[in-house]
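Comments concern the structure below.
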Amino acid sequence: MKKILLCMLILAMCLSVVLSISIFGCKKETTVTDEEQGETSVFVPPTNEEMLKTMPEELVGEKDSFKGIKIGFSQRAIAGATWYENLVRVAKLEAEHLGAEIIVVDAQSDISKQITDIETLLAQEIDVLLVNPFDSKGILPAIESAHKANIPVVAVNCEIDPAGSPFSFVGHGIYDFGYSAGFAFAKEVDSILGNKEVFNAAAMRGFPGEDYSTQEINGIIAGFMQYFLTIYDKINLNIVAQKYGEWSADVALPLMADVLSANPEVDLLFTCDGQMLMGSIRAIEDAGRIGDILIQTAGGRKEELKLILDGDKGVITTVMADPRDEAKWAVLLACHAAKGNAVPAVFNIPALAITKDNVEQFYDPDSQY
């Protein structure tokens, strides 16, 4: 019995050493070789501090370390959304850096097409499925097909419904990301307006029925309300309108114009994304309300940061959710999963609130995002 306990203790100590190895920052990405640990190895994610120190365009993983791996990437949408465009762009760059092949298909915000796309990818004998689902539950039939084919699944940006387990998720944690955005916004609103008798707010979301924007807006509102409840023990938040801008400036513009026409009392605006923010601001300018409405957004585009820096359009907070970070780490984790290496079920990338107090640290006019 003592010998068994001793062996278990030694095994636990060895595993602890493996899991303590950092893969970024001052240390190189490290996995255990096949000779050291049978046929599989361990992918150890970086710490939040290490991720925050990396440059967005900086690729990760060891160059040409995954030659021969074929990744099938089903992206829920691409055209017209700079966030998605940068997600796909950097995913391709990271795959090339690692020596892997990546096949990208665009579901065009259509869950039926996304399911068909994934079936097509599986027929091409991919080694791993990387998917950004348009509908977390609607995608389940395609995920089941991947499981039947023994293809590992990695979700990026938006999680798959738990019924689709096992899979790994790489992203910012949608609800928590939204909560951070709402809480930071509330703090800035309090410094400007205090706890008004009533806040009249409008909300600009993505698509109707889309799991991602539902979780995000719920988090935003919860974070906003929690701040005021914590500080003042009360809040009167009146959501006068909710619109679906489809992650597009062109779609958001007329919708926001309608909101302002029907609800001149609006003094706050929650936006789930910087793309829709730009269209909303144009509508606010056209209505002669610029600067009167305090605005929260999310994503951390350089355009958002410039608006906070200038301080003349009412935009006071955003939260960084850089698609380039999600892309590179998701591709690296997918390659490890394709090799049969042990990977975490959840790989959260830290969300960082940006306000007038720290925006200068992050604004880069030459950034591609």
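The values are calculated or read from the model by the stated rules, or taken from the named source; none is laboratory data. These numbers come from a predicted model, not from an experiment. Glycine gets a Cβ as well: all are built from the backbone with ideal geometry, and neighbour counts include every protein chain shown.
I want to confirm something. Restricting to region 173-187 and keeping residues that are in contact with an Asp or Glu (Cβ under 9 Å, 6 or more places away or on another chain) and over 25 Å from HIS147 (Cα atoms), which single residue is surrounded by the fewest Cβ atoms within 10 Å (Cβ to Cβ)?
Selected residue: TYR175.
If you take the residues in region 251-275 that are part of a helix (DSSP H, G or I) and modelled with pLDDT under 95, which one is farthest from GLY223 (Cα to Cα)? Here the answer is GLN275. Restricting GLY209, GLY291 to those that are touching a residue at least 40 places away in the same chain (Cβ under 8 Å), touching an Asp or Glu at 6+ places or on another chain (Cβ under 8 Å) and not aromatic (Phe, Trp, Tyr) reduces the list to GLY209.
Taken together, the residues in region 253-269 that are over 15 Å from LYS196 (Cα atoms) and either hydroxyl-bearing (Ser, Thr, Tyr) or in contact with an Asp or Glu (Cβ under 8 Å, 6 or more places away or on another chain) (or both) amount to 2.
Being over 21 Å from the mean Cα position of the chain (by Cα), modelled with pLDDT under 95 and farther than 30 Å from PHE66 by Cα narrows it down to one residue among GLY291, GLY314; which is it?
Just a single option satisfies the conditions, and that option is GLY291.
Across region 189-228, the qualifying residues are those that are of a type in the set (A, V, I, L, M) and either touching a Cys at 6+ places or on another chain (Cβ under 7 Å) or not assigned by TED's automatic domain parsing to the domain that holds VAL259 (or both), and the one among them that is surrounded by the fewest Cβ atoms within 10 Å (Cβ to Cβ) is ILE217. Here ILE103 clears all of (1) crowded, with 18+ Cβ neighbours inside 10 Å; (2) touching a Phe, Trp or Tyr at 6+ places or on another chain (Cβ under 7 Å); (3) not small (Gly, Ala, Ser) except the condition numbered (1). Scoring ILE78 on the criteria (1) touching a strand residue (DSSP E or B) at 6+ places or on another chain (Cβ under 6 Å); (2) in contact (Cβ under 8 Å) with a residue 40 or more places away in the chain leaves a single failure, condition (2).
Scanning region 159-172 for residues that are among the hydrophobic types (A, V, I, L, M, F, W, C) and assigned to a loop (DSSP other than H, G, I, E, B), we see that the one that is surrounded by the most Cβ atoms within 10 Å (Cβ to Cβ) is ILE160. Kindly evaluate LEU260 against the criterion of being surrounded by fewer than 23 Cβ atoms within 10 Å (Cβ to Cβ) and touching a residue at least 24 places away in the same chain (Cβ under 8 Å). It is true that LEU260 is surrounded by fewer than 23 Cβ atoms within 10 Å (Cβ to Cβ) and touching a residue at least 24 places away in the same chain (Cβ under 8 Å).
Name the residue, out of ASP325, ASP357, that is farther than 16 Å from GLN275 by Cα, of a type in the set (D, E, K, R) and surrounded by fewer than 19 Cβ atoms within 10 Å (Cβ to Cβ).
Values: ASP325 fails: surrounded by fewer than 19 Cβ atoms within 10 Å (Cβ to Cβ).
From the options ASP325, ASP357, the qualifying one is ASP357.
Just to be sure I understand, how many residues within region 35-48 are at pLDDT 85 or above and out of contact with any His (no Cβ under 9 Å at 6 or more places or on another chain)? Within region 35-48, residues that are at pLDDT 85 or above and out of contact with any His (no Cβ under 9 Å at 6 or more places or on another chain) number 2. Every condition in (1) touching a residue at least 60 places away in the same chain (Cβ under 8 Å); (2) within 20 Å of LEU294 (Cβ to Cβ); (3) buried (at least 21 other Cβ atoms within 10 Å of the Cβ) holds for VAL154 except the one numbered (2). Restricting ARG282, ARG301, ARG289 to residues that are crowded, with 24+ Cβ neighbours inside 10 Å, out of contact with any strand residue (DSSP E or B) (no Cβ under 7 Å at 6 or more places or on another chain) and either of a type in the set (Ser, Thr, Tyr) or not assigned by TED's automatic domain parsing to the domain that holds LYS92 (or both) narrows the list to ARG301.
Are any residues in region 83-100 surrounded by fewer than 20 Cβ atoms within 10 Å (Cβ to Cβ), closer than 15 Å to GLY299 by Cβ and touching a Lys or Arg at 6+ places or on another chain (Cβ under 9 Å), and if so, which ones? Passing the criteria: none in range.
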